[in-house]
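Below: the structure, in structure tokens.
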Number of protein chains: 2
Amino acid sequence: MGKDEKMKTKEVMVLEDLLGSNKKIAAEIRQKLTDTGILTINLLSSPGAGKTTLLESLSEILAPEYKMAVIEGDIETERDADRIRAKGIPAWQIITGGACHLEAKMIGKLLPEIPADLDFLFIENVGNLVCPASFDLGENIRCVLLSTPEGDDKPKKYPKAFTTSDCLVISKTDLVSVLPFNIERAKKEALEINPALITFTTSAQTGAGIKELAEYFSESLQKIRRTNA
Amino acid sequence: MGKDEKMKTKEVMVLEDLLGSNKKIAAEIRQKLTDTGILTINLLSSPGAGKTTLLESLSEILAPEYKMAVIEGDIETERDADRIRAKGIPAWQIITGGACHLEAKMIGKLLPEIPADLDFLFIENVGNLVCPASFDLGENIRCVLLSTPEGDDKPKKYPKAFTTSDCLVISKTDLVSVLPFNIERAKKEALEINPALITFTTSAQTGAGIKELAEYFSESLQKIRRTNA
């Protein structure tokens with residue numbers, strides 16, 4: 001018991017150090033990218049909720065008008081970056097090699113490669129609805145995806161991803177007719193724990209909701225540029 | 001840079017301590033439960049892959065013949081344990097309060113409450129395809145679920161859950177007709193990284209595959225009891 005307690009204290013101390021250092025690096029990244037006029041969006045979700053597919057769909061709306069790029073975070077494989085590059089969008093793959101989330105220092109290392117004339121920098125986090133929520137990456141907007149097959153009971157079961165996000169995207173809504181998923185219940189539950197959440201419903205299959213989400217990002221970009229001016 | 005390196009060393013040391021201590025406790029739990037003739041199964045998956053629903057379906061086949069109980073691991077809420085109890089199955093809820101995985105010591109604390117005449121002890125881990133894979137809970141069988149909406153590319157993107165498991169359950173196969181999911185591709189990819197995996201395909205909606213999975217658990221139970229005899 002005594003040993004257990006001591007262990008926990010050491011664990012908590014190391015975690016506090018890590019989060020403190022991460023927070024500092026993230027603030028520097030946010031300052032630098034925002035000053036350059038780049039809007040950075042951190043996408044969080046469970047594996048397979050449709051983050052890469054959403055980016056593919058967004059690229060069709062945003063790329064003709066804006067310059068966008070993607071940082072892909074994955075435990076293994078370069079598959080997601082390859083999918084983004086196939087759309088003609090520059091992508092950097094961070095392979096975490098086991099680590100369950102991205103950290104600000106991983107983004108910091110890529111900063112010298114980010115072109116200054118970029119409009120949107122999307123960061124697709126490791127597929128994990130838990131750990132990435134604790135790590136600020138220097139984003140302007142944190143966006144959590146909840147796909148309909150995951151179930152409408154997830155916001156209160158995995159609260160941190162929802163309480164720390166600015167925007168909630170309920171994805172794969174084309175499947176809702178064959179699933180026991182109530183969109184209004186999911187939204188209500190998410191808003192109960194984070195009333196400031198801006199919510200979207202999307203389907204990459206039908207294209208529903210993608211334009212509205214792209215407009216939200218465009219307006220947010222104009223906002224940081226007005227602040228910079 | 002130097003500070004960063006030192007931090008990492010401290011992190012790695014703490015993690016090694018934690019995993020070493022976890023491994024020792026897990027081995028004790030496995031020995032004790034196996035000696036008592038209880039088969040313990042650790043279920044891992046992403047959030048919403050259908051672990052609780054699978055347990056509900058399994059209970060309909062197993063409960064008339066065997067005595068089963070469930071330990072539920074969740075970050076927040078007692079929802080999953082309530083669902084299991086509604087089926088007449090005893091369930092203990094572990095609320096991790098933020099922690100992204102169960103650890104052996106959490107199971108160890110419940111051991112005095114586990115009835116000695118139990119046949120099956122199921123442990124439903126926190127919904128997370130990454131972190132729980134690193135923590136042995138003292139189970140006899142580790143079972144990873146991959147639901148069809150998550151995509152057939154997940155085994156190599158999240159390898160540890162697949163390489164450390166004994167059995168793979170591809171769930172929600174009733175949705176395969178409306179999804180870009182190739183069951184054979186997913187199985188092949190999982191078997192490439194872990195040739196010893198025993199694979200099942202299930203649908204809690206249609207009941208397909210549940211009986212076969214229940215039989216696998218029953219045979220595994222007989223096996224540990226023969227070894228004990």
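Which residue, B:62, B:15, B:137, tops the fluctuation ranking in a GNM of chain B built on C-alpha contacts under 10 Å?
B:15
I need the shape label for chain A. Rule: rounded when a/c is under 1.5, else prolate if a/b > b/c, else oblate, with a, b, c from the alpha carbon gyration tensor.
The shape class here is oblate.
Using the membrane-span-like helix rule (whole DSSP H runs, Cα extent along the own axis of at least 20 Å, mean Kyte-Doolittle hydropathy at least -1.0), which helices of chain A qualify?
Taking the DSSP H segments of chain A (at least 20 Å long, mean hydropathy at least -1.0), we get A:2-35, A:210-228.
Placing the label point 7 Å from Cα along the Cα-to-Cβ direction, what are the distances from residue B:99 to the equivalent spots in the other copies, shortest first, in nm to one decimal?
From this label point to the equivalent ones elsewhere in the assembly: 2.3 nm.
How much FRET efficiency would the formula 1/(1 + (r/R0)^6) give for residue A:225 and residue B:76, where r is the Cβ-Cβ distance and R0 is 35 Å, rounded to 0.05?
Calculated value: 0.35.
Efficiency by 1/(1 + (r/R0)^6): what FRET value for residue A:184 and residue B:36, r their Cβ-Cβ distance, R0 = 60 Å, to the nearest 0.05?
About 0.80, to the nearest 0.05.
How much length would be gained if the chain were fully extended between residue A:215 and residue A:16, taking 0.36 nm per residue of separation minus their Cα-Cα distance, in nm to one decimal?
Result for the pair: 67.9 nm of gain on full extension.
Do the alpha carbons of any pairs in B:23/B:223; A:109/B:154; A:32/A:105; A:156/B:154; A:157/B:211; A:172/B:157 sit beyond 19 Å of each other, and which pairs?
B:23/B:223; A:109/B:154; A:156/B:154; A:157/B:211; A:172/B:157
For the range B:27-119, what Kirkwood radius comes out of the mean inverse Cα-Cα distance, in Å?
When all Cα pairs of the range B:27-119 are included, the Kirkwood radius is 14.0 Å.
Please work out the Cα center distance from the range B:179-212 to the range A:145-190, rounded to the nearest Å.
The two parts, judged by their Cα centres, are 26 Å apart.
Between residue B:66 and residue B:9, with labels modelled 7 Å along Cα→Cβ, what's the label distance in nm to one decimal, could you check?
Modelled inter-label distance: 4.9 nm.
With each run of n ≥ 4 DSSP H residues scored as -39500 (n - 2.57), what mean residue ellipticity at 222 nm is computed for the protein assembly as shown after dividing by its residue count and rounding to the nearest 500 deg cm²/dmol?
That comes out to -13500 deg cm²/dmol.
Pick from A:147, A:45, A:134: which is most flexible by mean-square fluctuation in a GNM of chain A where alpha carbon atoms under 10 Å apart are linked?
A:134
If the protein assembly as shown were replaced by its equivalent ellipsoid, with semi-axes equal to the square roots of 5 times the Cα gyration tensor eigenvalues, what would those be, largest first, whole Å?
Equivalent-ellipsoid dimensions as semi-axes: 38, 26, 19 Å.
If R0 is 35 Å, what FRET efficiency do you get for residue A:28 and residue B:196 from their C-beta distance, rounded to 0.05?
For residue A:28 and residue B:196, the calculated efficiency is 0.15.
PRE reach from residue B:156 (point 7 Å along Cα→Cβ): which of the range A:97-140 fall under 17 Å by backbone N?
Counting only backbone N, you get A:97-98.
Let me know the shape class of the range A:73-141, please: from the alpha-carbon gyration tensor, a ≥ b ≥ c as square roots of the eigenvalues, rounded when a/c is under 1.5, otherwise prolate if a/b is greater than b/c, or oblate.
Oblate shape, in that a/c is at least 1.5 and b/c is the bigger or equal ratio.
How far, in nm to one decimal, is residue B:65 from itself in the other copies if the label point is set 7 angstrom along Cα toward Cβ? Shortest first, please.
So the label point of residue B:65 gives 6.2 nm to the other copies.
No value in this document is a laboratory result; all are computed from the given coordinates. Worth saying up front: this structure is predicted, and the values here are computed from it rather than measured. FYI the Cβ positions are ideal-geometry reconstructions off the backbone, even for glycines, and counts take in every protein chain you see.
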